[in-house]
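No value in this document is a laboratory result; all are computed from the given coordinates. Computed from a predicted model, the values in this text were never measured in an experiment. Don't worry about glycine lacking a Cβ; one is built from the backbone with ideal geometry, like all the others, and counts go over all protein chains shown.
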Ligand SMILES: [Zn+2]
């Protein structure tokens with residue numbers, strides 16, 4: 001553990017603010033409830049194998065309607081991140097990490113998420129991360145943590 005990590009312990013999953021949960025629709029319920037299965041899912045076109053996010057009923061690449069939720073590995077890479085130090089609402093804890101991650105299965109398949117189990121000072125662009133889920137009410141929020149073994153499946 002580095003000195004920075006001692007001063008600022010890893011951001012724990014419980015500390016990430018979750019006041020506003022996503023509104024579930026017919027198109028996105030599979031995405032927000034995929035954590036129930038333990039696997040991250042995205043809509044994928046079965047005709048051309050293109051992942052589509054946010055979910056759409058038609059593939060924007062080949063116009064096929066053969067799109068359906070498919071599981072991915074849950075592996076990703078940090079594309080960008082910011083450390084939030086501001087307590088925006090009473091009861092929230094700072095600092096926490098907001099990140100954009102690119103899903104391993106496809107270039108530019110990205111999620112805005114929170115990095116957890118990671119000291120703010122140890123976050124890096126390009127770092128390997130993996131999904132974990134934060135179950136709140138009827139949604140399973142996909143969060144990401146450092147992937148200690150990026151070669152595993
Ligand atoms: Zn397609």
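Considering only beta bridges that DSSP places wholly inside the chain, some 95 percent are antiparallel. Extending 7 Å from Cα along the Cβ direction at residue 46 and again at residue 61 yields two label points whose distance is 1.7 nm. Distances between every pair of Cα atoms in the chain, grouped in 5 Å steps from 0 to the bin holding the largest one, split as 2, 9, 17, 20, 20, 15, 9, 5, 2, 1, 0 percent.
Hey, what D do you get for region 54-114 in µm²/s if you plug the Kirkwood alpha-carbon radius into Stokes-Einstein at 10 °C and 1.306 mPa s?
Stokes-Einstein gives a translational diffusion coefficient of 112 µm²/s.
Peptide packing: for 99-105, 51-57, the average count of neighbouring Cβ atoms within 10 Å per residue gives the ranking 99-105, 51-57, highest mean first. The value obtained for region 23-81, namely the Cα convex hull volume divided by the number of residues, is 111 Å³ per residue.
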